[in-house]
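Novice: Below you'll find the structure I mean.
The values are calculated or read from the model by the stated rules, or taken from the named source; none is laboratory data. It should be emphasised that the depicted structure is a prediction, and the values quoted were computed from it without experimental measurement. We place every Cβ from the backbone using ideal geometry, glycine too, and count neighbours over all the protein chains shown. Accessible surface is based on the protein model in full, side chains and every heavy atom, while ligands, DNA and RNA are left aside. Shrake-Rupley method; radii C 1.70, N 1.55, O 1.52, S 1.80 Å.
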Amino acid sequence: MPALALLAACGAAGAQQIYLCVDASGHKELTDTRKGGNCKPLDLPGAAIPAPARREGGAHGRPPGTPAPAAVAPAAFPRVDSAEQRARDADRRQILGEELRSEQAKLAELRKDYNNGEPERRGDERNYAKYQERVAQMKDSIARSEQNVEALKREIANIR
């Protein structure tokens with residue numbers, strides 16, 4: 001287990017016990033808390049994990065109610081002039097537009113083949129369960145394609 005090697009490299013004072021837990025389906029998990037009777041403590045010499053340091057104040061180390069500091073770009077951060085950014089945005093809009101048209105054409109074809117939930121049966125679908133499985137896959141493909149169309153529309157709307 002590579003996790004054991006990592007645990008062995010993390011030795012420190014104030015350590016916690018490591019447990020190997022195995023669930024009913026046989027999945028193994030390394031944890032620092034015992035999760036029922038299927039966990040056994042591991043004897044890993046030098047594999048102690050230090051307890052997390054206590055923070056003063058809120059969850060982010062600031063007193064509660066104190067706003068987060070504003071993010072400041074370093075002076076050496078590369079800048080792009082506005083003409084270059086507009087050209088990049090135009091290229092992006094064009095590429096996303098092409099992807100949107102392609103996805104819309106794909107969606108139209110999927111809907112045509114789906115035929116309102118009653119696509120034509122193929123010769124290899126003598127078994128009705130196979131037909132139903134294909135119809136379900138078609139429905140999933142249509143839903144996925146609709147989500148892609150909506151995501152592309154959102155992306156295009158977000159371009160400045």
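Novice: When ILE95 is evaluated against the numbered criteria (1) open to solvent by less than 60 Å² (accessible area, probe 1.4 Å); (2) hydrophobic (A, V, I, L, M, F, W, C); (3) free of Cβ contacts under 8 Å to residues at least 12 places away in the same chain, which criterion, by number, is the only one it fails?
Specialist: ILE95 satisfies every listed condition except (1).
Novice: Could I ask something else about it? Applying the selection to the range 98-135, what residues are surrounded by fewer than 12 Cβ atoms within 10 Å (Cβ to Cβ) and either touching a residue at least 60 places away in the same chain (Cβ under 8 Å) or among the aromatic types (Phe, Trp, Tyr) (or both)?
Specialist: Selection gives TYR128 alone.
Novice: Take the residues in the range 130-160 that are closer than 18 Å to ASP113 by Cα and among the basic types (Lys, Arg); name whichever of them is farthest from the chain's Cα centre (by Cα).
Specialist: Filtering first and then ranking leaves LYS130.
Novice: Determine which single condition LEU4 fails, assuming it passes every other condition in (1) at pLDDT below 60; (2) over 29 Å from the mean Cα position of the chain (by Cα).
Specialist: Failed condition: (2).
Novice: Still on this structure, please answer the following. Does GLY117 satisfy being in a loop (DSSP other than H, G, I, E, B) and not hydrophobic (A, V, I, L, M, F, W, C)? Steps first, please.
Specialist: Values: in a loop (DSSP other than H, G, I, E, B): yes; not hydrophobic (A, V, I, L, M, F, W, C): yes.
Yes; evaluated as a whole, the condition is true for this residue.
Novice: Out of the residues in the range 38-58 that are open to solvent by 80 Å² or more (accessible area, probe 1.4 Å) and part of a loop (DSSP other than H, G, I, E, B), state the one that is modelled with the highest pLDDT.
Specialist: We begin by selecting, within the range 38-58, every residue open to solvent by 80 Å² or more (accessible area, probe 1.4 Å); these are 38, 40, 43, 45, 52-56.
Checking the rest, the ones that are also part of a loop (DSSP other than H, G, I, E, B) come to 38, 43, 45, 52-56.
On the way: ASN38: 84, ASP43: 78, PRO45: 69, PRO52: 67, ALA53: 70, ARG54: 68, ARG55: 64, GLU56: 61.
Once the filter is applied, the top-ranked residue is ASN38.
Novice: Here's something else I'd like to know. Could you check VAL72 against (1) within 21 Å of ASN158 (Cβ to Cβ); (2) outside any helix (DSSP H, G or I) and say which number it fails?
Specialist: VAL72 satisfies all of (1) within 21 Å of ASN158 (Cβ to Cβ); (2) outside any helix (DSSP H, G or I) except (1).
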